[in-house]
Each structure stands twice: as C-alpha cells, then as structure tokens.
Amino acid sequence: MKISDQIIMCLQNLFRRKVRTALTVFGVIIGTCAIVVMVSLGVGMQASQDAMLAEMGDLTMIEINNYSGYNENGEKLILNDEVLHKIQQMDHVDVVTPFYEPNSWNSFTLYGGNGKRYRSRMYTVVGVYPEAMEKMGFKLNKGSFLSDSQGDTIEILFGYYAPYDFEDTRKKRNNTVQYWNTKEDGSMPDPFIDVMKESKLVLQINNTKENGKTIDLKVKGTGITEFDSQNYQTGYGVFISVKQLKMLEEKYNKLNNIKVSEDEKANYTTAKVKVTDMKYVEEVQAAIDEMGFNTYSMENIRKPMQEQARKQQMTLGGLGAISLFVAALSITNTMVMSIYERTKEIGVMKVLGCMVGNIRSVFLMEAGVIGFMGGVIGIIISYIISYIINIVGNGLTGGLSGGISGGFGMVVSSGYYGGGGGMAQTSIIPWWLALGALVFATLIGLISGYSPANRAVKISALEAIKNE
C-alpha cells in the first residue's frame, strides 16, 4: 500500500466519524492549551524577574571587593593592576577596571574662574581605566571619554550634575546653582562655569597643616556623562584615569610627609568585571572567587529566583500535562472503538494481501493526526489566550497600549518584551515552547494509538470477515 493511499484512508476514516473525531481532538486542544499557557506564565515570570534585576543593575557585571585585604585563611590579598590583567585574560571577560576611590580625596579642591572664584569639593572621585569606560556602559552627554594621558594636566570626566557642585566663594547667599530650578522652557539652568570650555580649571592639592604649602595642577574637562541610576558616580561624581589619580596621591603624600607601603599603593578595594554574556557570569565569578576575592553580581539574586521560577514552571507544566494525559486516554478509547467498528474492514485488508505493517501504520497515522490537529489548534488558541492575558495584565498596571502593541510580537521575539510597549509580559510563548507542545501532542497521539494499532494487526482475517 502506497503512503498516499494510507494518508487518504486515514483522513477518510477520521472524517467518517466527525463528532467522535472532533471531541477527541478537543481533548488534545485543552491539554495543549493547558501546557502552553501554564508554561508561558512561568516564562513570563522569569522574564519579569530578569527585567526587574536589569533595572537594579547590569546582569553581566561582577563587582570585586577587597576591603579587608585578606582571604578566609588570613592570607593577604592584593588587588592590583597585575591581578586585574590576569582576570582580563579569562575566557568570556569583556573588560575589567578598578573603581578606585582614594581616602585622601577630601584634601583636593577644584577651582575655576578668575582668581579661583568658583570652588568644588568633588566629594566622589573615581579612578578607572579610560579604555574600559565605554565597554562598561557609560554614556556621554557631552564631550569625550578620558584618554590615557600621563601628563601634568589632569583630565576629568564630570558626572551629569557635577558641574553644579561649584559654589561662588564671593557670595554668602545664593552661592550655588540648583539644577532643579529649570528655565521657562524646561531646560536646566547654566552652571557657574562650563567645565569643558573653562581654561582656568585648577586642582589644588591641600596641605594638612594650616597655611601649609599647596600644589596647583591644571585641569582639562573632557566631557560630561549621562546620569545612570545603576552607577551613582555618574550623578555628582567625577572620573580620573587611575594612573593620574595615583600620581596625585603620590604628590599629596609627599606634600604631607605621609609614608605608604608599596602594597597599599598598588591595592584596590573595588574593581568591576564586564562579562561578554549573562550566561557566563557564574563561571567567571567562580573563577575570581577561587582567587580568594569576595565578589558580587546580580547572579547572586538571579540564580535562586531562576530556580524558584523553574520549579514553578515544572509545577504549572505538570498541571497542564494532566489534561493532555486525559486526552491520551480519549485517543486510546477512540482508536479501540474504531477497531471494533472496522473489524471486518481489517479482515478484508488482510485477505487482499495488505501487509501487517501497513495496517498498523494506518491506525498510528490516525492517532498521530488527531494529536497533531489538536496540537496546532491548541497552540493557536494559546496565542490568543496569552494575548488576552497580557492585555488584561498590562491594563491593570496602566499598560494597555503596551500590551496591545506587543501582543503577538512577543511570541516571535526571543527577548523578554513584546513589540512596542516595552513592558514585561505576563505570558510569553517562545518558539521552542510552541514547537515542543506540537511535537509532544503528536507523540501523545502516536503513543496512545500504538496499543490499539497492535491489537488491530493481531485480529484473525477469517474471524474478522465473519464479524458483523
């Protein structure tokens, strides 16, 4: 029997008993919908968690802390340029930089204007590798990033609000510009000086002794960063190259006769590592932990949340699988009834010389088509249900427009968000879930039809022909 004949016979037999076939397919539809929708809620939950964590911090960032300077065994740890270079050479590491905040920085003052009229204390100063800033995700509002210059002119990259730190030393009142006092057009007011154009910026290294000697160094403002809530330094902080910052510290220590050991000079208390992809964070973090340093990343929070979400997905998927199991019993029952009704037909097929394998294939094909049809329709309905869930969910949070624009687009995209809304979806159906559900539903049909198909081929031809 040709495969085309088997397909024609399969479809004829199914459509001959339309009501029974429809009811059996309906059971598979319910089971498929239950699995897809339940699992999609778990996927949506995990996506929402990742989106929430992404707002709290970069999911690909690892922070290294060495505040104590010793590991758990009491051995001294030095987090210096050499160690950071080794970390940079690790697999999947994109970039590494120290976030160096010297303790002596309160003894430095930045001045601008004629006669040092405008003064800024720069309460937060961070030393970084200039080449790492862009890869670390810092954005520029104006100007450019720091260069690797080691000259006497100090390059400073200002945080978004740092230019408003300057105060007018000639005034006792209204001696600062408040950035929130916007102009009539809604724009921010102009600070006292333009840090990028000011030619008289001077960094003064102070002396701890009253009226002691000070050192003035020329300053060049390279740019202003965009404010990023995940990096507080981009607000009122300023960034300086680590090399120049260490040079400033040496000048300060020499000016104030402070002796510092070589280990203290080289050691950083904090550094950050940018990993190429979120999936490698755990691996890189473990490698750094083995070096004895304390590390922290969003993976410390994300991993337990992922495990919890995975358990919930399995629970929800298991509940849906129960419905599909009931549908499997329905398919088995339908096929067994079909065998009883077509016993004579089976006998005729055998007498005419039809191979046993062909008879089995026809019945398996019928069961598989029932599962496939139920799977296809079930997935389509699941998309609709998911779409409605997201509209209702986003509507409750004031995001109805985001739900509508992101409705079906969320299913196709591999990301966590829908089309144009930008809001995390309650239900997400990735392509692998839809395909897996279709394959699973078809397999359920084939497995359910296997036993009835074997029963059909075992029927005696003579007894089958005699059957009424």
query: Among the residues of the stretch 89-107, which ones are touching a helix residue (DSSP H, G or I) at 6+ places or on another chain (Cβ under 7 Å) and either of a type outside the set (G, A, S) or without any contact (Cβ under 8 Å) to a residue 40 or more places away in the chain (or both)?
result: M90, H92, V93, V95, V96, T97, P98, Y100, P102
- request: Only residues in the stretch 60-88 that are within 13 Å of N294 (Cα to Cα) and at pLDDT below 90 count as the first member; pair them with residues that are charged (D, E, K, R) and open to solvent by 20 Å² or more (accessible area, probe 1.4 Å), Cβ under 7 angstrom, at least 6 apart or cross-chain, and list the lot.
  value: G69/K76; Y70/K76; I78/D263
query: How many residues, within the stretch 223-274, are open to solvent by 40 Å² or more (accessible area, probe 1.4 Å) and among the small types (G, A, S)?
result: 2
message: What's the number of the only condition in (1) touching a Pro at 6+ places or on another chain (Cβ under 6 Å); (2) part of a loop (DSSP other than H, G, I, E, B) that P163 fails to meet?
response: (2)
task: Please enumerate the residues belonging to the stretch 121-146 that are buried (at least 17 other Cβ atoms within 10 Å of the Cβ), modelled with pLDDT of 90 or more and either within 21 Å of Q88 (Cβ to Cβ) or not β-branched (V, I, T) (or both).
output: V126, G127, V128, Y129, P130, A132, M133, M136, F138, F145, L146
- prompt: Is it true that some residue in the stretch 147-156 is at positive phi and modelled with pLDDT under 90?
  reply: no
field: Every pair of residues 6+ apart whose Cβ atoms lie under 6 Å, when the first sits in the stretch 376-394 and is over 18 Å from I30 (Cβ atoms) while the second is of a type outside the set (S, T, N, Q)
entry: Y387/G407; N390/G403; I391/G403; N394/L400; N394/G402; N394/G403; N394/M423
Scan of the stretch 30-52 for residues that are farther than 17 Å from M314 by Cβ and surrounded by fewer than 21 Cβ atoms within 10 Å (Cβ to Cβ), ordered by number: I30, S48, D50, A51, M52
- request: For the stretch 245-283, name all the residues that are in contact (Cβ under 8 Å) with a residue 24 or more places away in the chain, out of contact with any Ser or Thr (no Cβ under 6 Å at 6 or more places or on another chain) and hydroxyl-bearing (S, T, Y).
  value: Y268, T269, T270, T276, Y280
Residue among I193, I205 that alone is in contact with a Lys or Arg (Cβ under 6 Å, 6 or more places away or on another chain), open to solvent by less than 30 Å² (accessible area, probe 1.4 Å) and among the β-branched types (V, I, T): I205
statement: Of (1) touching a strand residue (DSSP E or B) at 6+ places or on another chain (Cβ under 6 Å); (2) of a type outside the set (A, V, I, L, M, F, W, C); (3) more than 26 Å from E134 (Cα to Cα), N257 fails just (1)
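The values are calculated or read from the model by the stated rules, or taken from the named source; none is laboratory data. Note that this is a predicted model, so its numbers are computed, not measured. Reconstructed Cβ throughout: ideal geometry from the backbone, glycine too, with neighbour counts over all protein chains shown. For accessibility, only protein heavy atoms count, side chains too; no ligands or nucleic acids. Shrake-Rupley method; radii C 1.70, N 1.55, O 1.52, S 1.80 Å.
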